[in-house]
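First up is the structure itself, then whatever we jot down about it.
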Ligand SMILES: Cc1cc2nc3c(=O)[nH]c(=O)nc-3n(C[C@H](O)[C@H](O)[C@H](O)COP(=O)(O)OP(=O)(O)OC[C@H]3O[C@@H](n4cnc5c(N)ncnc54)[C@H](O)[C@@H]3O)c2cc1C
């Protein structure tokens, strides 16, 4: 029997975090309303690479790549790019990033990413039992390939994953070509996560989860949220452009847009965005059987229902700069390097990864207001972490104990 522990919750954001949190709250019998200025799942959760990556414990706050960053930034044709007009605004993030770019922080992040990644697929399994995922998910593993150029970094990644007990299988060039015979062998080795799944349509999956949320009695309000505050011990207020709404508790799950609301609550959380891109080569999805990620290039390809999705790169440039044609061209060229038969592409898309400078998400109560809960900052792994975030946040809201150590995800680490 489920016991009602909270009378109502409002969630801002209908990305993968928001819809998974909503569904979990309904399971606990808590009436829930989700707000979004767009239709559900139209931002980062729409156009990602679709990897379910429970193995991806190592993040970008690592000293080995620190020395390569200046070189990468000054090349307009590399995996990392900058919009120079945004740098002054990004200084707080860069400051915290540099502070977290050391071995101790890297290992701390890896340990606590592993803690939630390890439970990520079980959490999704529960949801997938309740929705029809046929033609939306495939389990054919995920391959990472590389050249020998940054082999020390690859060795470090392999060692850290081994130390944390992550299952991985090293591949020779021949092994890779046996799995993906159409690839041009411009690489020298790789790694295979044969148990990993990928989405053939992330937005299609999100819509199914959202439909289940609505079917179970959840409410959706398509309005832009202007502010969110706690009025007293039992009430929070969500103010949209049209109306005010009261709930016992509220959740901020606006991905890269969450900072606007947390700033209003008196917390200076250094959330920013790593912009990423995708394009589709229509009708070319059969050229590979599973996602292939070329680590040297910071890009990957996923066979999807919309076509072969070439996806990735990191661009530091905030939420308001326009799409960068150079990034799109970079993606197209990277894809053609591996699959020279590719020609025209469509659907140029820019998405905003929500990223904290220590590459851990913020999941937990607001520092100043106990009835406001945060769930954002899942960076490159927010698609993988949606379902487990839903479970964690619904436990926090219903005051249930979890066996996880949640303190590393607290926003107070930045105060
Ligand atoms: C190119 C790229 C590739 C990626 N590949 C992968 C991958 O393969 N695997 C993986 O695990 N992760 C991947 N990610 C990361 C993942 O997509 C994100 O971390 C995740 O989608 C974030 O989900 P979210 O719900 O926090 O945010 P979002 O999906 O961005 O949703 C936030 C929602 O909040 C709404 N919103 C914002 N402000 C307001 C407001 N004021 N009022 C009302 N609504 C508001 C927005 O409209 C939006 O719908 C990738 C990301 C990118 C960009």
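The values are calculated or read from the model by the stated rules, or taken from the named source; none is laboratory data. Because the structure is a prediction, the values reported are computed rather than measured. So basically every Cβ, Gly included, is an ideal-geometry build from the backbone, and we count neighbours across all protein chains shown.
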| query | Is it true that residue 354 is away from the ligand (no atom under 14 Å from the Cβ) and closer than 24 Å to residue 79 by Cβ? | reply | no
| said: Consider the range 155-180. How many of its residues are under 24 Å from the mean Cα position of the chain (by Cα), in a helix (DSSP H, G or I) and either surrounded by 15 or more Cβ atoms within 10 Å (Cβ to Cβ) or touching a residue at least 24 places away in the same chain (Cβ under 8 Å) (or both)? | reply: 5
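Working carefully through the options 323, 363, 372, 396, find the one that is assigned by TED's automatic domain parsing to the domain that holds residue 89 and touching a strand residue (DSSP E or B) at 6+ places or on another chain (Cβ under 7 Å). Walk me through how you get there before you give the answer.
Working: 363 fails: assigned by TED's automatic domain parsing to the domain that holds residue 89; 372 fails: assigned by TED's automatic domain parsing to the domain that holds residue 89; 396 fails: assigned by TED's automatic domain parsing to the domain that holds residue 89.
Step by step, each of 323, 363, 372, 396 is checked, and only 323 is assigned by TED's automatic domain parsing to the domain that holds residue 89 and touching a strand residue (DSSP E or B) at 6+ places or on another chain (Cβ under 7 Å).
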| message | residue 60 - would you say it is within 16 Å of the ligand (Cβ to nearest atom) and in the same structural domain as residue 334 (by TED's automatic domain parsing)? | response | yes
| query | For residue 22, are the conditions met, namely being in contact (Cβ under 8 Å) with a residue 24 or more places away in the chain and within 15 Å of the ligand (Cβ to nearest atom)? | reply | yes
| Residues of the range 181-225 satisfying the condition of being in a strand (DSSP E or B) and either closer than 29 Å to residue 251 by Cα or in contact with a helix residue (DSSP H, G or I) (Cβ under 8 Å, 6 or more places away or on another chain) (or both) | 189, 190, 191, 192, 197, 198, 199, 219, 220, 221, 225
| query | Which numbered condition trips up residue 335, out of (1) away from the ligand (no atom under 13 Å from the Cβ); (2) in contact with a strand residue (DSSP E or B) (Cβ under 8 Å, 6 or more places away or on another chain); (3) farther than 16 Å from residue 49 by Cα? | reply | (3)
| remark: residue 81 vs (1) touching a strand residue (DSSP E or B) at 6+ places or on another chain (Cβ under 7 Å); (2) within 15 Å of the ligand (Cβ to nearest atom); (3) in the same structural domain as residue 242 (by TED's automatic domain parsing): all pass except (3)
| message | Given the criteria within 16 Å of the ligand (Cβ to nearest atom), in contact (Cβ under 8 Å) with a residue 12 or more places away in the chain and more than 25 Å from residue 413 (Cβ to Cβ), does residue 44 qualify? | response | no
